[in-house]
1. What FRET efficiency comes out for the pair Thr3/Met210, r = Cβ-Cβ distance, R0 = 51 Å, nearest 0.05?
2. How big is the antiparallel share of DSSP beta bridges in the chain, given as a percent to the nearest 5?
3. Explain nothing, just the number: dipole magnitude of the chain about its Cα centre with +1 on each Lys and Arg Cβ and -1 on each Asp and Glu Cβ, in debye rounded to the nearest 20.
4. Excluding ligands, DNA and RNA, what is the solvent-accessible area per residue of the range 118-216 at a probe of 1.4 Å, expressed in Å²?
5. In deg cm²/dmol, rounded to 500, what helix-only [θ] at 222 nm does the chain give when every DSSP H run of at least 4 residues adds -39500 (n - 2.57) and the total is split over its residues?
6. Taking one equal scatterer on every alpha-carbon of the range 244-393, how large is log10 of I(q)/I(0) by Debye at q = 0.10, 0.19 1/Å?
7. Treat the range 343-402 as a sphere of radius equal to its Kirkwood radius over Cα pairs and apply Stokes-Einstein at 25 °C in a medium of 0.890 mPa s; give the translational diffusion coefficient in µm²/s, rounded to a whole number.
8. Just subtract the alpha-carbon distance of His201 and Ala134 from 0.36 nm times their residue separation and send over the number in nm, one decimal.
Amino acid sequence: MTTHADIVIVGAGHGGAQAAIALRQRKYEGSIAIVGEEPEIPYERPPLSKDYLAGEKPFERILIRPPGFWDEREVTMLTGRRVVAVDPSAHLVTTEDGGTIGYGKLIWAAGGHARRLSCAGHDLAGVHSVRSRADVDRMMGELAATTRVCVIGGGYIGLEAAAVLTKLGKHVTVLEALDRVLARVAGEPLSRFYEAEHRAHGVDLRLNTMVECIVGENGRASGVQLAGGEIVPCEMVIVGIGIIPAIEPLRAAGAEGGNGVAVDEHGRTSLPDIFAIGDCALHANPYADGLPIRLESVQNANDLATAVARMIVGDPEPYHSVPWFWSNQYDLRLQTVGLSTGHDTAIVRGDIASRSFSIVYLKAGVVVALDCVNAVKDYVQGRALVVGRVAADPARLADSSIPLKSLVESAVAPA
């Protein structure tokens with residue numbers, strides 16, 4: 001058993017895998033160990049609520065790298081081990097089974113755990129999260145006996161799962177507490193578009209709906225009781241209400257932070273020789289006006305991991321990557337670039353009814369983000385508007401006959 005590594009990476013997700021890959025790409029020759037609490041070697045999480053749940057991709061096709069890759073690069077995989085404590089003075093981590101692993105430098109890439117309901121019935125059989133392979137395997141194992149599914153939460157995970165399950169012939173009800181889906185991550189036009197799409201596919205989508213509890217029979221969920229007393233019958237409940245960053249051991253060790261572990265532009269925490277990346281890292285993002293945020297995306301995990309690797313090998317480059325994200329629902333591919341949080345104007349570009357359009361978000365006249373639905377060209381060309389922080393004529397932005405690249409060329413950067 002490995003008891004020491006020059007670099008110990010806690011977390012076997014996108015960030016942890018990319019940190020090891022980037023270190024070896026930059027000729028780092030020290031020993032590297034990845035400690036993951038799941039039994040699997042690193043795999044992609046986004047397909048869990050899409051291709052994998054739909055049965056369109058076997059698990060082997062969502063591995064980040066094949067098993068031999070890690071052996072060839074001498075990256076030790078310590079799977080099925082959960083780190084419960086960090087001793088920054090002794091440079092040791094302790095696992096749940098009481099074992100310890102020493103490190104020269106520690107990269108914390110533990111991500112987060114699915115936020116669970118706190119109401120009665122949350123622990124009944126048939127109540128699921130979509131965070132790990134094991135979560136989705138359990139769901140898939142119950143699908144044959146399931147005709148009705150309740151999805152709690154109208155964020156991307158909930159909507160993606162709803163789309164897949166609807167395609168599989170299940171009757172799906174989506175319960176969202178706010179007045180629109182995707183309320184925290186998108187403008188109203190996009191929310192209304194997706195609401196209409198799901199309803200057109202037969203989803204019973206309910207807004208402003210509060211869950212009272214999960215009701216069950218013989219230890220298994222049989223319905224979701226709403227605040228008004230109505231019970232929505234179902235055999236399966238999927239809870240998609242966000243994650244809780246897995247930062248307890250670092251915070252207990254004295255790391256600064258709050259909703260995540262605070263890191264600088266090189267991924268360094270306030271503790272010596274300890275970095276944090278991915279979903280759990282609270283970083284000052286230039287596309288969020290420099291305010292500290294957590295970003296739950298593959299892009300953030302990979303790019304911050306690369307910045308940490310560069311720092312470790314002595315070739316530092318600050319993490320200033322533009323955020324991007326995607327979501328697949330039905331035959332719709334949404335691609336997002338930038339952060340629309342705090343925007344004051346949303347311009348629809350193209351015809352929403354055509355199901356190929358973009359929404360351009362501006363703040364004080366400057367383009368800060370785009371949501372592109374089945375509009376790859378806008379996504380590719382609009383990226384430069386966001387990166388350049390340029391001001392463009394709203395009327396020209398709304399004219400889909402004008403290529404965005406021409407607006408990039410003619411736009412004037414704000415003073």
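The values are calculated or read from the model by the stated rules, or taken from the named source; none is laboratory data. Everything numeric in this text was worked out from a predicted model, so none of it was measured. Positions of Cβ are backbone-derived with ideal geometry, glycine not excepted, and every protein chain shown enters the neighbour counts. Quick note on the areas: whole protein, heavy atoms, side chains included, nothing else; ligands and nucleic acids left out. Shrake-Rupley method; radii C 1.70, N 1.55, O 1.52, S 1.80 Å.
1. Values: r = 50 Å, r/R0 = 0.98.
Once rounded, the FRET efficiency stands at 0.55.
2. Values: 50 of 84 bridges.
Here the share of antiparallel DSSP bridges comes out near 60 percent.
3. Working: 39 positive and 49 negative charges, 121 e Å.
Magnitude of the dipole: close to 580 debye.
4. About 40 Å² of surface per residue is accessible.
5. Calculated from helices alone, the mean residue ellipticity at 222 nm is -7000 deg cm²/dmol.
6. Treating every Cα as an identical point scatterer, log10 I(q)/I(0) equals -0.41, -1.09.
7. Working: Rh = 11.2 Å.
The Stokes-Einstein estimate is 218 µm²/s.
8. Numbers: separation 67, 0.36 × 67 = 24.12 nm, distance 2.80 nm.
Gain in length upon complete extension: 21.3 nm.
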